[in-house]
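Scroll down for the structure; my scribbles are underneath it.
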């Protein structure tokens, strides 16, 4: 699926979850879905847990997160102990 089509699955609405990016038609935030994946959940596990979600919804969250980070500058989160 083309990037534009994937990104069209993400909505930003100040009236839904205080404007955080969500999967359209849900209150599931991009942050929450990416967090589930980061914690070790598989796409299939996420889809099993949330009826009506599609694999492309999860891919859209990953693409949105990736695009959001493209022009972000970072600072270390903690002391480097190496």
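See the values below:
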| item | result |
| --- | --- |
| Those residues of segment 25-82 which are closer than 16 Å to residue 5 by Cα, part of a helix (DSSP H, G or I) and free of Cβ contacts under 8 Å to residues at least 12 places away in the same chain, in sequence order | 66 |
| Leading residue by the ranking (surrounded by the fewest Cβ atoms within 10 Å (Cβ to Cβ)) among those in segment 4-16 that are under 14 Å from the mean Cα position of the chain (by Cα) and either part of a helix (DSSP H, G or I) or modelled with pLDDT under 95 (or both) | 7 |
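The values are calculated or read from the model by the stated rules, or taken from the named source; none is laboratory data. Since the model is a prediction, treat every value here as computed from it, not as a measurement. In this analysis, Cβ positions are derived from the backbone assuming ideal geometry, glycine residues included, and neighbour counts consider all displayed protein chains.
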